Every structure is written in C-alpha cells, then in structure tokens.
Amino acid sequence: MKTIRVVAAVIRDGDRIFATARGYGEYKGWWEFPGGKIEAEETPEEALVREIREELDSEIRIEEYIDTIEYDYPEFHLSMRCYFCSLSEGELTLKEAEDAGWLTKETLDSVKWLPADITILEKIKEKMQPAR
C-alpha cells in the first residue's frame, strides 16, 4: 500500500483551535486540520509552513509536536505529523477549504472529522484550555 506523508497544523488562539472543511474530493465537507503533503526535499516543519502559506495565506509559528498519526484509508496509508502552531502573520484566508472555524474543547466534536483526524482529537483536548 502506498504511504502518503503529510503534516497538519493545530492552530491555537487562547482556548480555541482552527479547523477547515475540505472543499473537494470524496471527503468534501469533512473537517480536518490544515496542512498537506511533505515534498521530497522538505522537512515536515518546512512543509507545514509552506502549506499554511499556500492554503490560508498566513504565516505560522510551530510551537509543539503533538504526535504522528498512522491511518489506513482504503486506497493508501496516511502518516500525518501534527503540530500545535500559532498565527504569526496574516488573516487565515481560505483558498482551498469550503468552510472553517474556531472550535473550543466543548465544540470539537460538533463537526464531522476525517477518519485520520479523529484519532488525534483526544490528545488535542488534553492540551486545550476549557472555554471561558
């Protein structure tokens, strides 16, 4: 089975995290953390900064590695490195996603997550502050 290596940004702002709804393909409308494929010559961190620049027209600061998710979709194996990040520049402009939003610990389960992204939610919740 083919392995696809990707990175994902869990962008934090106080007690909220940013997520996007996929705007294309089989999982259109399902929610995920923004990011994308790691190119051959890139480190995961370089790929993440580039992907957020391309997808959201913003600059991020990578703060903390969360975990690597290994997930088997029917067509491929996904290896996704997830990082907590913060916005350092820009306004999070959607270029590819069809929707996006800031979710709190209490609203994290209110959207339909991609199967691989669901598997990291508990680790993210452990690190999130409750909404004020």
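None of the figures in this text is laboratory data; all of them are computed from the coordinates on show. In this text, all values refer to a predicted model and were calculated from it rather than measured experimentally. For neighbour counting, all protein chains shown are included, and Cβ atoms are generated from backbone atoms with ideal geometry for every residue, glycine included.
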For Pro115, the net charge from surrounding residues (Cβ-Cβ under 13 Å; K, R +1; D, E -1) works out to -4
From the residues Leu108, Ile60, Leu87, which one has its Cα farthest along the dipole of region 3-127 in the positive direction, the dipole being from +1 and -1 charges on Cβ of Lys/Arg and Asp/Glu about the Cα centre?
-> Leu108
What distance in nm separates the simple spin-label points at Glu126 and Glu42, each placed 7 Å from Cα in the Cβ direction?
-> 2.8 nm
Which is the longest part of the chain that has none of the GluC sites (Glu not before Pro) sitting in a DSSP loop with at most 14 other Cβ atoms within 10 Å?
-> 42-74
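Tell me, what is the Rg over Rh of region 1-41, with Rh the Kirkwood radius over Cα pairs?
My calculation puts Rg/Rh at 1.05.
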Using modelled amide H (1.01 Å from N, peptide plane; none on Pro or chain starts), what sits under 5 Å from the amide H of Val111, excluding residues fewer than 5 places away?
-> none
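Can you classify region 20-98 as rounded, prolate or oblate using the Cα gyration tensor, where a ≥ b ≥ c are the square roots of its eigenvalues, rounded means a/c under 1.5, and otherwise it's prolate if a/b beats b/c and oblate if not? All intermediate terms of the calculation are to be shown ahead of the outcome.
Numbers: a/c = 1.78, a/b = 1.16, b/c = 1.53.
The shape class here is oblate.
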Lys112-Thr3 pseudo-label distance in nm [points 7 Å out on the Cα-to-Cβ vector] = 3.1 nm
Give me Tyr65, Tyr83, Tyr27 ranked fewest to most by other Cβ atoms within 10 Å of their Cβ, as a rough exposure proxy.
-> Tyr65, Tyr27, Tyr83
Using Cα centres only, tell me the gap between region 16-56 and region 69-132 in whole Å.
-> 10 Å
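Trypsin sites (Lys or Arg not before Pro) within region 1-45: which are DSSP loop residues with at most 14 other Cβ atoms inside 10 Å? Numbers along the way, then the final one.
On the way: sites: Lys2, Arg5, Arg12, Arg16, Arg22, Lys28, Lys37; in loops: Lys2, Arg22, Lys28.
Sites meeting the loop and neighbour criteria: Lys2, Lys28.
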Tell me, Kirkwood radius of the chain from alpha-carbon pair distances, in Å?
-> 14.8 Å
Residue exposure sequence - Ser58, Ser88 - by fewest surrounding Cβ within 10 Å = Ser88, Ser58
